[in-house]
1. Please list, ordered by first then second residue, the pairs with beta carbon atoms under 8 Å, 6 or more apart or interchain, first in the range 200-227 and within 23 Å of Leu188 (Cβ to Cβ) and open to solvent by 40 Å² or more (accessible area, probe 1.4 Å), second modelled with pLDDT of 95 or more and polar (S, T, N, Q).
2. From the residues in the range 106-148 that are modelled with pLDDT of 95 or more and at positive phi, which one is nearest to the chain's Cα centre (by Cα)?
3. Which count do you get for residues in the range 38-57 that are in a strand (DSSP E or B) and open to solvent by 60 Å² or more (accessible area, probe 1.4 Å)?
4. Got a number for residues in the range 112-132 being open to solvent by 10 Å² or more (accessible area, probe 1.4 Å) and in a helix (DSSP H, G or I)?
5. Does the range 141-149 contain any residue that is in contact with a Leu (Cβ under 7 Å, 6 or more places away or on another chain), assigned to a loop (DSSP other than H, G, I, E, B) and not hydroxyl-bearing (Ser, Thr, Tyr)?
6. Can you report the number of residues in the range 58-73 which are of a type in the set (Val, Ile, Thr) and in a strand (DSSP E or B)?
7. Name the one entry in Leu22, Leu15 that is over 19 Å from Asp94 (Cα atoms), at pLDDT 95 or above and open to solvent by less than 80 Å² (accessible area, probe 1.4 Å).
8. Which members of the range 58-96 meet the condition of being within 14 Å of the chain's Cα centre (by Cα), of a type in the set (A, V, I, L, M, F, W, C) and open to solvent by less than 10 Å² (accessible area, probe 1.4 Å)?
Amino acid sequence: MVLAKPVPPPPAPRLYLATPLLEDPAALIATLPELLKKADVAAVLVRLKTTDQRTMISRIKALAPAIQPSGAALLIDRHAELVARAGADGAHIDGIEALEDAMSSLKPDWIAGVGGLPTRHDSMAAGEAGVDYVLFGEPDAKGERPSVDAIAERLQWWAELFEPPCVGYAATLIEAREFAAAGADFVLVGDLIWDDPRGPAAALVDAEAAIRQGHASISTKASAEQD
């Protein structure tokens, strides 16, 4: 009889922090460096109110020293055309059609992530296009999202079958834990952090703890199945 070696669980997911929708980033610039010391944040998604390109580039350049020295990647929400000129590390694109237009300006030098993938077919098309990650669970244009179970199922499906990392958009700590348990490589948090009455630092620490709880359940489940 050949005994199969136990398969080690994947590493714990890392946090992906989305900023509030910013017009003047000065207040965030002052607090972000200390905030990023509170947890293991892999990337920060900079969300800017749309204005002229020169102003947006200036705001991204101002944010960069508050983000990149921590080791976190700076990604711009949607505006792939600004990445190179602003010194960002990549962009997050919304939807397959927009991704097709953005890939030529992002690859091979910058990170290209994509959300707005309502179907499995869209998700697979994004993977085939060469994206660096796929995001599941973010609100659509109407503010609607799939159920938590549906998002977790999509994350598990992707994690088991495909190589590019998957990201779960968590609106609550419970979701952060569930998506980590489902096999997400990263968990995106935004309003969950900024709207916490205790302040963003406490919320970020709790989000990381929830992710680690969810990840620990993978090991527990695997041990139980082997027994």
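The values are calculated or read from the model by the stated rules, or taken from the named source; none is laboratory data. Just so it is clear, the model here is predicted, and its values are computed rather than measured. Cβ atoms come from the backbone with ideal geometry, glycine included; neighbour counts cover every protein chain shown. In case anyone asks, the SASA skips ligands and DNA or RNA and just uses the protein heavy atoms, side chains included. Shrake-Rupley method; radii C 1.70, N 1.55, O 1.52, S 1.80 Å.
1. These pairs meet every condition: Pro200/Thr31.
2. Only one residue fits best here, namely Gly137.
3. Matching residues across the range 38-57 total 1.
4. Summing the residues that are open to solvent by 10 Å² or more (accessible area, probe 1.4 Å) and in a helix (DSSP H, G or I) in the range 112-132 gives 8.
5. First, pick out the residues of the range 141-149 that are in contact with a Leu (Cβ under 7 Å, 6 or more places away or on another chain): none.
Looking through the range 141-149, none of the residues is in contact with a Leu (Cβ under 7 Å, 6 or more places away or on another chain), assigned to a loop (DSSP other than H, G, I, E, B) and not hydroxyl-bearing (Ser, Thr, Tyr).
6. The qualifying residues number 0.
7. Leu15
8. Result: Ala72, Leu74, Leu75, Ile76, Ala91, Ile93.
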